[in-house]
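The values are calculated or read from the model by the stated rules, or taken from the named source; none is laboratory data. Just so it is clear, the structure is predicted and the values come from calculations on it, not from any experiment. Heads up, the Cβs are rebuilt from the backbone with ideal geometry, glycines too, and the neighbour counts pull from every protein chain shown. Areas reflect the complete protein model, heavy atoms only, side chains present, ligands, DNA and RNA absent. Shrake-Rupley method; radii C 1.70, N 1.55, O 1.52, S 1.80 Å.
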Amino acid sequence: MAGAIIENMSTRKLCIVGGILLVLQVIAFLVGGLIAPSPTTAVPYMSVKCIDVRKNHHKTKWLMPWGPNHCKKLKDFDEAVSRQIEANDIVFAVHIPLPSKEMSPWFQFMLFIMQLDIAFKMDNDLKENAEITLDVSLAYRDNMLDDWEEIAHAIEIRKLKCTFGSPKTVESEGRHYDCDFLPFMEIGSVAHKYYLINIRLPVNDRKGINVGIGEIKDIRLVGIHQNGGFTKVWFAMKTFLTPSILIIMVWYWRRITLMTRAPVLLEKVIFALGISMTFINIPVEWFSIGFDWTWMLLFGDIRQGIFYAMLLSFWIIFCGEHMMDQNERNRLSGYWKQVGPIAVGSFCLFIFDMCERGVQLKNPFYSIWTTEVGTELAMAFIIVAGICLCLYFLFLCFMVFQVFRNISGKQSSLPAMSKARRLHYEGLIFRFKFLMLITLACAAMTVIFFIVSQVTEGHWKWGDITIQVNSAFFTGIYGMWNLYVFALMFLYAPSHKNYGEDQSNGDLGVNSGEELQLTTTITHVDGPTEVYKLARKEAQE
């Protein structure tokens with residue numbers, strides 16, 4: 001009777017905790033959907049063609065497209081031909097941001113893509129597999145009267161992928177090619193108010209530089225940066241969630257250290273998962289408001305990679321520790337086949353990120369996709385990581401199937417137990433299935449919201465209420481995985497409650513009053529838990 005009362009109280013507590021977590025999850029989505037603006041903003045820029053007829057162009061002066069010290073401009077290239085101005089003396093200038101505006105550290109990053117307006121001309125056709133060479137420079141200043149300070153200068157090559165929808169005849173001259181966007185630049189911080197980009201297209205007939213690239217009419221850039229309003233909401237969530245996860249981590253580990261035994265593998269993995277979640281949560285981004293930390297994008301990728309690697313490892317170990325018939329438990333080495341693909345895949349993605357964003361710390365114009373070798377290397381890393389991910393999910397699905405099969409088999413032994421102990425084991429099985437369903441729901445919600453955010457226009461409008469779908473995706477999914485880790489540590493913290501002496505368990509060989517845990521795999525100081533003993537006994541029979 002006492003066991004039934006305890007089990008009912010436990011189930012009631014589980015329902016209350018689940019309800020609270022569901023409310024918090026809804027709040028996380030609403031914060032992004034109703035309070036935060038769209039995560040990013042795209043701003044189009046049209047370059048201005050400036051004339052620079054001096055030698056050693058770049059070392060002497062920066063060319064401004066507008067303002068009191070603006071450059072001498074060209075309307076089009078026909079004017080350049082009539083004035084006998086060579087291509088090497090033309091500079092495409094872009095000022096960031098647009099007139100009467102300022103950039104802000106709250107924008108966090110800047111990503112630029114380039115689009116070329118290339119016209120067809122019979123005597124200057126675009127060659128197949130043509131490559132364009134860009135002599136690009138980036139500078140900054142924080143006052144309209146200050147001199148420009150150089151950030152980076154590089155000579156980059158981009159492959160042109162263009163199509164022409166009309167026959168290449170005299171009648172089609174002047175029509176534009178349809179060209180793909182080109183990766184141009186990425187900076188991991190926006191520490192200054194004004195930026196200036198100067199682009200030159202050096203021509204050298206002898207070396208074949210910028211020969212056969214068609215007649216370039218204009219260069220357009222699209223700048224993408226994070227919205228300041230979204231950044232503030234994001235920082236606020238991180239600041240709130242960091243102490244929340246830290247408190248539950250301290251409570252969880254304290255409950256473990258109070259036990260008379262050493263922590264078991266599953267407890268260690270859950271704690272490690274909490275550490276990786278805290279690593280993501282710590283709002284070090286606040287420092288990016290006052291410091292020019294261009295490595296924040298790379299650092300964010302590394303933090304997310306560590307968390308997802310730990311999450312995938314936890315799922316494998318969680319299932320493995322509930323396979324009650326296996327002989328090797330509570331040892332990380334027993335999972336090397338399943339954890340190995342996670343390690344290999346994570347390492348491949350880390351190398352790929354270092355080859356891309358790592359190099360961009362020195363050269364923001366660099367892109368690994370712009371060369372044959374770089375593209376093949378990047379694809380190799382991505383393919384290997386994809387294969388490892390497929391192997392991992394095959395292992396995971398197989399282990400989940402085995403766990404549910406074992407649990408179903410063990411349920412046939414429950415009727416022989418006392419009522420209190422039977423209710424206890426039924427509760428353990430229920431909680432395992434409950435957590436598995438929550439895990440599947442979290443993974444499904446992540447995929448569904450990602451797809452919805454990609455196929456919608458970015459916001460839904462219901463009457464006077466506008467819901468930012470993309471912002472809701474980011475805040476909701478981020479809050480969801482925090483709540484998932486919180487629930488894990490709360491539900492799988494060791495219990496210090498004992499059952500009474502009236503339970504009949506002599507047939508199981510279990511001492512009366514033995515300490516009971518939520519998880520079926522916790523190893524007691526005197527040996528395995530009751531569920532594992534039951535499973536082993538049945539397996540031997």
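Here are the numbers:
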read-out: Contacts under 7 angstrom Cβ, first residue in the stretch 82-108 being surrounded by fewer than 17 Cβ atoms within 10 Å (Cβ to Cβ), partner of a type in the set (Phe, Trp, Tyr), 6 or more apart; value: PRO99/TRP66
read-out: Selected residue (criterion: modelled with the highest pLDDT) from residues of the stretch 111-141 that are aliphatic (A, V, I, L, M) and not in a strand (DSSP E or B); value: ALA130
read-out: Those residues of the stretch 284-304 which are free of Cβ contacts under 8 Å to residues at least 24 places away in the same chain and over 19 Å from the mean Cα position of the chain (by Cα), in sequence order; value: PHE287
read-out: Which numbered condition PRO65 misses (of (1) touching a Ser or Thr at 6+ places or on another chain (Cβ under 9 Å); (2) more than 20 Å from LYS217 (Cα to Cα); (3) open to solvent by less than 90 Å² (accessible area, probe 1.4 Å)); value: (2)
read-out: Unmet criterion (only one of (1) at pLDDT 90 or above; (2) open to solvent by less than 20 Å² (accessible area, probe 1.4 Å)) for ALA309; value: (2)
read-out: When residues of the stretch 109-123 are limited to those that are within 19 Å of the chain's Cα centre (by Cα) and open to solvent by 20 Å² or more (accessible area, probe 1.4 Å), the one farthest from MET296 (Cα to Cα); value: LEU111
read-out: Residue in the stretch 347-367 that is modelled with the lowest pLDDT, counting only those that are farther than 18 Å from LEU182 by Cβ and of a type in the set (A, V, I, L, M); value: LEU349
read-out: Selection status of MET144, closer than 23 Å to SER100 by Cα, open to solvent by 50 Å² or more (accessible area, probe 1.4 Å), at pLDDT below 90 and out of contact with any Lys or Arg (no Cβ under 7 Å at 6 or more places or on another chain); value: yes
read-out: Single residue of ALA416, ALA378 found to be touching a helix residue (DSSP H, G or I) at 6+ places or on another chain (Cβ under 6 Å) and touching a residue at least 24 places away in the same chain (Cβ under 8 Å); value: ALA378
read-out: Unique match (being hydrophobic (A, V, I, L, M, F, W, C), touching a strand residue (DSSP E or B) at 6+ places or on another chain (Cβ under 6 Å) and modelled with pLDDT under 95) among ILE197, ILE209; value: ILE209
read-out: Residue check for PHE347: surrounded by fewer than 18 Cβ atoms within 10 Å (Cβ to Cβ), assigned to a helix (DSSP H, G or I) and not polar (S, T, N, Q); value: yes
read-out: Test for SER367: is it open to solvent by 30 Å² or more (accessible area, probe 1.4 Å) and hydroxyl-bearing (Ser, Thr, Tyr); value: no
read-out: ASP292 being closer than 30 Å to ILE151 by Cβ, touching an Asp or Glu at 6+ places or on another chain (Cβ under 7 Å) and open to solvent by 20 Å² or more (accessible area, probe 1.4 Å); value: no
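Residues checked against (1) hydrophobic (A, V, I, L, M, F, W, C); (2) at pLDDT 75 or above:
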site: PHE430; (1), (2): yes, no
site: MET436; (1), (2): yes, yes
site: ALA443; (1), (2): yes, yes
site: VAL447; (1), (2): yes, no
site: GLU457; (1), (2): no, no
site: TRP460; (1), (2): yes, no
